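The values are calculated or read from the model by the stated rules, or taken from the named source; none is laboratory data. Small disclaimer: the values here were computed from a predicted structure and weren't measured. Ideal geometry is used to build each Cβ from the backbone, glycine not excepted, and the neighbour counts take in all protein chains shown. Note: accessible area is taken over every heavy atom of the protein model, side chains too, but ligands, DNA and RNA are not part of it. Shrake-Rupley method; radii C 1.70, N 1.55, O 1.52, S 1.80 Å.
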Amino acid sequence: MKDRDEKATIHARVLQEAEQFFSENRQAIADYAQRAGLSFEPADRWSIDISTGRGTFDPRFFFSRGFTAAESMWAVCHEIEHFRDWRKHPEPYAGLYHRIGKGRKRLRLLYEHFNDIAANREEDKRFPAHWETRLTSTRTG
């Protein structure tokens with residue numbers, strides 16, 4: 001019983017930290033996404049609709065995995081970079097993912113690593129204040 005209560009307390013604290021952080025930084029995230037032609041807002045899941053440019057992110061996702069506030073912000077912007085690239089080149093993205101499909105797991109993983117490197121480089125250019133965050137974090141792409 002004690003372990004369950006302790007886990008519930010930790011979960012509530014994590015949720016409160018995530019809500020506070022993303023509430024304080026909501027405008028910065030919206031501005032960063034808007035430069036990519038996206039509308040990106042907090043929700044209870046991750047999603048993106050390339051045709052409308054609307055996306056959602058789950059603020060609890062990073063905090064529940066032990067990410068710091070800086071790492072969480074960096075990771076959200078990293079995902080926005082993926083969406084920016086996808087939106088800029090939708091046909092090649094769709095074609096590539098169709099070709100590598102689920103049956104070619106290693107090829108898909110290799111591509112995702114290359115894509116993460118490209119997203120990291122773009123974020124470094126657009127958000128240089130978080131360059132050090134990326135270098136010190138071992139949990140992100």
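Among the conditions (1) in contact with a Gly (Cβ under 9 Å, 6 or more places away or on another chain); (2) open to solvent by less than 50 Å² (accessible area, probe 1.4 Å), the only one that Val76 does not satisfy is (1).
Evaluated against (1) at pLDDT below 80; (2) open to solvent by less than 50 Å² (accessible area, probe 1.4 Å); (3) over 14 Å from the mean Cα position of the chain (by Cα); (4) over 20 Å from His89 (Cα atoms), Ile10 falls short on exactly one condition, (2). The single condition among (1) more than 30 Å from Ala12 (Cβ to Cβ); (2) out of contact with any strand residue (DSSP E or B) (no Cβ under 8 Å at 6 or more places or on another chain); (3) open to solvent by 40 Å² or more (accessible area, probe 1.4 Å) that Trp86 does not meet is (2). Each residue in region 1-28 was checked for being free of Cβ contacts under 8 Å to residues at least 40 places away in the same chain and not in a helix (DSSP H, G or I), and 1 pass. Checking each residue in region 7-41 for being of a type in the set (S, T, N, Q) and more than 25 Å from Arg126 (Cα to Cα) picks out Thr9, Gln16.
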